[in-house]
Amino acid sequence: MHELGVAHSILTNILEVRAQKKLTKIISINLRVGQLSGFQKEALETCFEIIKKDTELESAILNITEVPITLMCKSCQKKSAIEQLSYQCPLCQSNDVELVAGREFTIDSLDVDDSQPMNNKVL
Ligand SMILES: [Zn+2]
């Protein structure tokens, strides 16, 4: 399960950020995972539950937002979320499209208990 490795690197990154910024308590970690990233939401959650034990992040919750595969069509100027990767606009059938979302794997933000939610692009 390659999710275990990536869950571990998330944990390591957040622990570093926590130390650098002297955060006392991290309530939740908000992750954006594209459908094309190759990572399964459930598997990531399970792995994170396992590896966070006995660390400073034991009480932190991993919130995963799944990002659909999204095309931007240069012909009709519209965005479409699609189920499976294809390079054809579902609206006008043009092939002049650009993949604008679906590959991301980023830590979007952290919620900490004593300040505003903060943005942290750490991966
Ligand atoms: Zn189109």
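Taken together, the values in this text are just the output of simple stated rules run on the coordinates, not laboratory data. What you see is a predicted model; the values in this text were computed from it and never measured. When we count neighbours, we look across all protein chains shown, and the Cβ atoms used for this are built from the backbone with ideal geometry, even at glycine.
If amide H atoms are built 1.01 Å from N in the plane of the peptide, which residues on other chains or at least 5 residues away come under 5 Å of the amide H of A101?
For A101, the qualifying residues are T70.
Please give the helix 41-51 orientation as an angle from the longest Cα principal axis of the chain, in degrees from 0 to 90, rounded to the nearest 10.
Taking Cα atoms only, the helix is inclined about 20 degrees.
Find how much the distance from A19 to E56 grows on full extension, using 0.36 nm per residue of separation minus their present alpha carbon separation; answer in nm with one decimal.
Residue separation times 0.36 nm, minus the Cα-Cα distance, leaves 12.3 nm.
So what is the calculated 222 nm ellipticity per residue for the chain, using -39500 (n - 2.57) for each DSSP H run with n of 4 or more, over all residues, to the nearest 500 deg cm²/dmol?
-7500 deg cm²/dmol
Could you give the semi-axes, largest first, of the ellipsoid that matches the chain, computed as the square roots of 5 times the alpha carbon gyration tensor eigenvalues and rounded to whole Å?
In descending order, the three semi-axes are 34, 16, 10 Å.
Helix 3-20 versus the longest principal axis of the chain: what is the Cα-based angle in degrees, 0 to 90, to the nearest 10?
60
Have a look at T65, T46, T55 and tell me which one the Gaussian network model of the chain (Cα, springs below 10 Å) gives the largest fluctuation.
Of the options given, T55 has the highest mean-square fluctuation.
Post the alpha-carbon centroid distance, segment 91-114 to segment 33-75, in whole angstrom.
Using only Cα atoms, the two centres lie 13 Å from each other.
What distance in nm lies between label points placed 7 Å from Cα along the C-beta direction at D96 and S28?
Distance between the two pseudo-spin positions: 4.2 nm.
On a straight-distance basis, which aspartates and glutamates could pair with K78 in a cross-link, Cα separation under 14 angstrom, same-chain partners fewer than 8 positions away excluded?
Here the aspartates and glutamates satisfying the reach criterion relative to K78 are D96, E98.
At R0 = 22 Å, how high is the FRET efficiency between Q77 and T106 if r is their beta carbon distance? Nearest 0.05 is fine.
Result of the calculation: an efficiency of 0.25.
Highest GNM mean-square fluctuation, the chain, Cα pairs closer than 10 Å: which of C92, C47, C73?
C92
Taking amide hydrogens as modeled 1.01 Å from N in the peptide plane, which residues meet the under 5 Å criterion relative to K25, leaving out close sequence neighbours?
Correct list: D113, D114.
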